[in-house]
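Below: one structure, written as structure tokens.
Rule-based calculations on the coordinates, nothing more; no lab input. Note that this is a predicted model, so its numbers are computed, not measured. Using ideal geometry, Cβ is built from the backbone for each residue, glycine included, and neighbour counts are taken over all protein chains shown.
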Amino acid sequence: MNFIMQVNYYGHFLLTLLLLPLLKKSGTKLEASRIINMSSITRFIASFDIDNYNRTGYWSLLRIYSNSKLSLVLFSHELTKKLIGQHVIVNCADPGFVSTKIYESYINFVGKIVRVLINVICKNTWEGAQTPIHMAVDQEAGKVSGQIFSNCKMNSSSMWNDVDKLSGMLWKQSAKLVSIDEKDISKINS
């Protein structure tokens, strides 16, 4: 398993499933528990090939990162279907292009130019945090599930046609890789 997928997706998948009993217990009809997954615009360059989804050497690191962010969208979609009526909502935040310290590792000349451009065209970290904060506290955002938010608004663009099939395939593979029994996962709906 690739470390990018472990950190950006599989860890979130496992932690969320482990926290679900508490989230279900604390959610009410008036105020649902909220799960907010951080996606990225890079999800649009992801490539869904379930047999080679997280292997190193098959794709560049950017492609694996993009796959991890697409995985969070697919996970959110599948979990939303499984939690209908449970007073737990699941949404994804797309913060946009945010200038974070990750770009400070560029030390060569080209990297320095890239870093300057990023600082000019990207949101700062405060601006990038506004969408997930909005999703966590806004009453209207707390009434929808299975959506992607960007710029503090629900994104109106729809997913592709195979989202149900893809999210189901990823769910099964993820459960297998993190060693969670399907019987335990089936208890999510109860």
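For GLN130 and MET169, what is the calculated FRET efficiency with R₀ set at 30 Å and r taken between the beta-carbons, to the nearest 0.05? Mind dumping the intermediate values first?
On the way: r = 33 Å, r/R0 = 1.11.
Approximately 0.35, to the nearest 0.05.
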- For the pair SER26 and SER150, the simple spin-label estimate (label points 7 Å beyond Cα toward Cβ) gives in nm 3.0 nm
- Listed residue pairs exceeding 21 Å between alpha carbons, taken from LYS69/LYS143; LYS29/LYS143; LYS25/LYS176; LYS25/LYS165; LYS29/LYS153; LYS81/LYS176: LYS69/LYS143; LYS25/LYS176; LYS25/LYS165; LYS29/LYS153
